[in-house]
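Note sheet for the following structure.
The values are calculated or read from the model by the stated rules, or taken from the named source; none is laboratory data. This structure is a prediction, so every number in the text was calculated from the model and none was measured. Cβ sites come from the backbone with ideal geometry, for glycine too, and all protein chains shown count toward neighbours. Protein only, heavy atoms only, side chains kept; ligands, DNA and RNA dropped before computing areas. Shrake-Rupley method; radii C 1.70, N 1.55, O 1.52, S 1.80 Å.
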Amino acid sequence: MEGTDEQVNLGIDDLPVRDELRGKSPYGAPQLDVPVRLNTNENPYPLPEPLVERIAERVREAARDLNRYPDRDAVELRTQLARYLTDSTGYEVGPANVWAANGSNEVIQQLLQTFGGPGRTAIGFEPSYSMHGLIARGTGTGWISGPRNADFTIDLAAAERAIAENKPDVVFVTTPNNPTGNAVPPETVLALYEAAQAAKPSMVVVDEAYVEFSHGDSLLPLIEGRPHLVVSRTMSKAFGAAGLRLGYLAAHPAVVDAVQLVRLPYHLSAVTQATALAALEHTDTLLKYVEQLKAERDRLVSELRATGYEVVESDANFVQFGLFEDSHTAWQKILDQGVLVRDNGIPGWLRVSAGTPEENDAFLDAVRELKKEQST
Ligand SMILES: Cc1ncc(COP(=O)(O)O)c(C=O)c1O
């Protein structure tokens, strides 16, 4: 954004910002105005009209009380989130196990503010969700980039060694992983948990932002008897509500008590709580779109393979595909055909989110064209 002349001449580094922020750029996928946008793992389906009506109704009710601060503990919302988790996983949790915030990014931030911070470290196994490292930096937590195998599975022996050597305070495991799409087997998560307990003991955060799209089950039941295990979730993907900004976690009640030490008072607005509650009333309808997206994801995988691309097995609503000699040039060529995918900077690979059947057709046409060009 532009300022006055005097303002434009001043850059971030002219300000007394923290040393670790100097020379850095903010996180953000390009928001380009192109016909087909498949770059941010959003759900392509707008909310159904009856839900839009219900949101309007609940927000209207909430508006009558906007002179008051909202429920600071979001009890009704946490109760409904706990019900959703119990119904969808068969593992019973209650509101005391659940905490909600403005997107799972804020959940992660609160976890790092509570268990990380200056003088402490967190580890993730990369490539993975880059915000884990960025939020670590924002909270003054040291970041350790742990290893993965060439096929993007977690190299367990190397990961256990990294945990034993570095003794991190927080261990992130993203399953299904973003940007690669593969899920982490429960045995691996358990082994990492054991390694983290032997080393410190540390908190293990299982980021399940995409779990509803998985062929397998949620790892939520693993919190049983493991007070240092946290499962983080979001309504941005499966619920198709990225604009709502609602993330949540499930863990031992002591973890929920601990994050209250850092949360801002009244962090979840009454409007957010009302909207999320309306969406949760329509869980069954919203999750029907998940089934369609899973089918489209599987179609993307098989069509990409049939076209001669390599694809990482996906349990998410996106697919990582390659191999390109120069992935940025490939990204640009796909964009030139009106389709925006994601270049996460992983050499040779690009990521595409599953869209509507029509959007996916447009994407498949573009990558078939690219393949023809590459082989001539
Ligand atoms: C693995 C992972 N975790 C968390 C998030 C953040 O989601 P939210 O919209 O809930 O902040 C994302 C978003 O892309 C993600 O990919």
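Could you give the length gained on full extension between residue 71 and residue 52, defined as 0.36 nm per residue of separation minus the Cα-Cα distance, in nm?
The span from residue 71 to residue 52 would gain 4.6 nm if fully extended.
With a 1.4 Å probe and every protein chain left in place, work out the accessible area per residue of the stretch 55-281 in Å², rounded to a whole number.
39
At 20 °C and 1.002 mPa s, grab the translational diffusion coefficient of the stretch 25-109 from Stokes-Einstein with a Kirkwood Rh over Cα pairs, rounded to a whole number in µm² per second.
130
Please state the Cα pair-distance histogram of the stretch 1-159 with 10 angstrom bins from zero: what percent is in each bin?
Pair shares across the bins are 8, 19, 30, 29, 13, 2.
Report, by chain and number, residues whose modeled amide H sits under 5 Å from the one on residue 209, excluding near sequence neighbours (fewer than 5 apart, same chain).
Under 5 Å from the amide H of residue 209 lie the amide H atoms of 175, each far enough along the sequence or on another chain.
For the cross-link pairs 237/333; 24/167; 294/371; 288/372, which exceed 29 Å when the distance is taken from alpha carbon to alpha carbon?
Long pairs (Cα-Cα over 29 Å): 288/372.
So for the chain, considering every pair of alpha-carbon atoms, how many percent are separated by more than 36 Å?
Here the long-distance tail beyond 36 Å is 25 percent of all Cα pairs in the chain.
So, in nm, how far is label residue 307 from label residue 326 when the simple model puts each one 7 Å beyond its Cα toward the Cβ?
2.0
Roughly speaking, to the nearest percent, how much of the stretch 112-157's 1.4 Å accessible area is carbon and sulfur?
Percent of accessible area from carbon and sulfur atoms in the stretch 112-157: 55.
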